[in-house]
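Accompanying notes for the structure given below.
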Amino acid sequence: MQDRPTAVELLEAVREFLERDLMANLDGRLQFHTRVSVNVLATVIRELELGADHDASQRARLVAILGDTDATTDVLERQLAAALRNGTLDATQYAAADAHVRATVHEKLLVANPKYLEPDT
């Protein structure tokens, strides 16, 4: 860990500059690419802020479903996918897998684009 400014603070400063100062003075293709850059930076910031907690939650859910404490999260995901394909989960495991998939998608949307989670108005 470095001193301040943190990586998130640095990325946020660049994002704000692009969005507030630069984008208003651009048009067309350059404005579009600046907007894309702002969105990419916002996603990276959310990943840095939320990623570790989401990874830990995902792993805990997978271990609770499958009971394998030695496997990596990637291996556990593949094991769960295989169990779902093969129909080898019992009713309790299946319900936990359903909750896991929903929670994982929710966490991924919190990073990728939290606006997708906002109710329609």
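Once you divide the Cα radius of gyration of segment 53-106 by 2.2 N^0.38 Å, the number left is 1.02.
The calculated FRET efficiency for residue 60 paired with residue 26, based on their beta-carbon distance and R0 = 41 Å, is about 0.40.
Ignoring ligands, DNA and RNA, what percent of the accessible area of the chain is carbon or sulfur (1.4 Å)? Ligands and nucleic acids excluded, carbon and sulfur reach 56 percent. Counting only protein heavy atoms and a 1.4 Å probe, segment 1-83 has 67 square angstrom of accessible area per residue. GNM on the chain, C-alpha springs below 10 Å: top fluctuator among 28, 67, 51? In the Gaussian network model the winner is 28. What the Cα convex hull of segment 18-108 gives, in volume per residue, is 118 Å³. If R0 is taken as 22 Å, the Cβ-Cβ distance between residue 43 and residue 72 corresponds to a FRET efficiency of 0.35.
What residues from segment 42-71 fall in the zone where the backbone N is under 20 Å from a label point 7 Å along the Cα-to-C-beta line of residue 4? Zone members listed by number: 45-46, 48-50. Shown in residue order for segment 30-37 are the 3J(HN,Hα) couplings computed by the Karplus curve 6.51 cos²θ - 1.76 cosθ + 1.60 at θ = phi - 60°: 5, 5, 4, 5, 5, 4, 4, 4 Hz (x for Gly and Pro).
The values are calculated or read from the model by the stated rules, or taken from the named source; none is laboratory data. This is a predicted model, so every value here is computed, not measured. Note that each Cβ is placed from the backbone with ideal geometry, even for glycine, and that neighbours are counted across all protein chains shown. Protein only, heavy atoms only, side chains kept; ligands, DNA and RNA dropped before computing areas. Shrake-Rupley method; radii C 1.70, N 1.55, O 1.52, S 1.80 Å.
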